[in-house]
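A short worksheet on the structure shown next.
Quick note: the coordinates plus some simple rules give every number you see, no bench work behind them. As the structure is a computational prediction, the values presented were derived from the model and not from experiment. When we count neighbours, we look across all protein chains shown, and the Cβ atoms used for this are built from the backbone with ideal geometry, even at glycine.
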């Protein structure tokens, strides 16, 4: 069978081109050529180092051999966890997005070779999961905790990405057969189908994207079915060790008002619901998504955009439960946060979603990978005693390929378009060719040293009549300036908070946007007891932290910054790949002999903590743990 897509291969991450309820249309990844010194090297490293390294690790740990065994190409037993297929599929998706605008025969051969194995392993009814083969075939869909639909969803996303970047349908053929099997098997029990929903949400958004590629509405309907049947309480016990809330099966989706349960599951589910709402324009879905977003940002999210404080459920706890050293804040949850906010942005054109996408991307996503691209964080705490390190790989290796598919697709987040308008979301030096809905093509070139500088120069290279909308970041509330061809201008403000310049643009017109980047002392709601009386430092979109390596090995968890201290920012090209550091006079409190063996003492004690004056040096949070081990702290004591 060869799939005949209903849309041409255009390399967009989420395709709202034909979604009548979306405010924005995406721009293809290959329409934007990165020209900066921050993201371009990272994307090249992703292609040349990260993805090949992950492929080798998938081979070394038996993940691809599992598929070979399922296909009868090799003898042996399944190795690893039942969800290991998904790591391979996410890797294929990352490789596919890297092919947008870049000729890389090795990556293409990698995808095709694995696709050939997958096609050989696929059963005649379309089913494909290397764990449920042979003796375990009888257990298909018997336990929804075991990630069968989750793995399928990642396969669908890889197939969509590969088709959109290359036009090839070999992987899409495999995906469509499996999707058809899901549609045939799950549904209305009165019509002879079976009840079912994903124990780990993911397939929902993937099915919507498959609908957008093929035009077959049954995939959209199936995604909606999987969302609609939630709240039955059938997930979790008796299947597994967790309660239904862990799987977001405790309430019907439209009754949800806060994020609960496993963090990645919860936010992936919201991605799928947002995709469905964009296609169906159902107010109840939008209301639930909005209420959960408000709850997340106001009561449950870490300052770096990370989600999920608890290790025991890899997820959410009570409102304002945000421990620092023991934050779980899984990298995958941060990737999910980016994905959800991108969908909400396309739906609404609201800058608050872009702000959160950017915050999460630059901080708790980017911290998930070392500067050399060789090791990864699973958790992203905001304080460390020196024992938290990145690892080469994990038995549960969901995070590495999640980072790589995000970096691979990054150019697709920079711009979008709507009728008569260009929208600039991220500030990154690039050259882009943007196609408006009426077919008009407009070339633009953006120059900036962002995130180190807030000065942005956007040159229009083709004449057109319309609007250029520029995001005014939430961190820049005042002091910004905007000019066109050297003349200060006062823009209109879109409903979603973008600066809007409408005119008959001429080739060569230049927009100059200046966003001041003062160092900001951020304080936290005192209900979060760990952060009471403390401050965190931010500059532009970047969160900062202190490490012992910059303070003669001292325990920086005891560092205290005076409220009156002047904090200076300076760019250091030779440090951590080039970063702006923050420096200020501070002190380190050191425990004296009176505390050496004691836990408590009378408040009346006259023994004081010793103070050592130092020069505090803070680095961007994403860059921590790239040198020798030591303590780290985000929230700083004050005096």
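Which of the peptides 246-252, 133-139 is most tightly packed, and how do the rest follow, going by the mean number of other Cβ atoms within 10 Å of each residue?
246-252, 133-139
Would you calculate, for the chain, the mean residue ellipticity at 222 nm contributed by helices, counting each DSSP H stretch of 4 or more residues as -39,500 (n - 2.57) and dividing by all residues, to the nearest 500?
-9000 deg cm²/dmol
Taking Cα centroids, how far is segment 220-295 from segment 422-459 in Å?
The two parts, judged by their Cα centres, are 35 Å apart.
Do you know the relative contact order of the chain, to the nearest whole percent, from alpha carbon pairs under 8 angstrom that are 6+ apart?
Result for the chain is 13 percent.
Where the centroid of each part is defined by its Cα atoms, how far is segment 23-85 from segment 500-565 in Å?
Rounded to whole Å, the Cα centres lie 33 Å apart.
Hey, rough spin-label estimate for residue 480 and residue 394, points 7 angstrom out along Cα→Cβ, what's it come to in nanometres?
3.5 nm
If I take the Cα coordinates of segment 540-601 and project them onto the principal axes, what are the three extents in Å, biggest first?
Dimensions of segment 540-601 along the principal axes of its Cα atoms: 45, 26, 19 Å.
Between residue 59 and residue 419, what FRET efficiency follows from the Cβ-Cβ distance if R0 is 56 Å, with the result rounded to 0.05?
So, using R0 = 56 Å, E works out to roughly 0.70.
Place a point 7 Å from Cα of residue 610 in the direction of its Cβ. Which residues in segment 548-578 have their backbone N less than 16 Å from it?
Hits in segment 548-578 for residue 610 at 16 Å: 552-556, 558-559.
Could you compute Rg(Cα) / (2.2 N^0.38 Å) for segment 335-421, with N its residue count?
That ratio works out to 1.26.
Read through the labelled values [x] 1.10; [y] 1.70; [z] 0.97 and report the label of the one computed as Cα Rg over 2.2 N^0.38 Å from the structure.
Of the listed options [x] 1.10; [y] 1.70; [z] 0.97, [z] comes from this structure.
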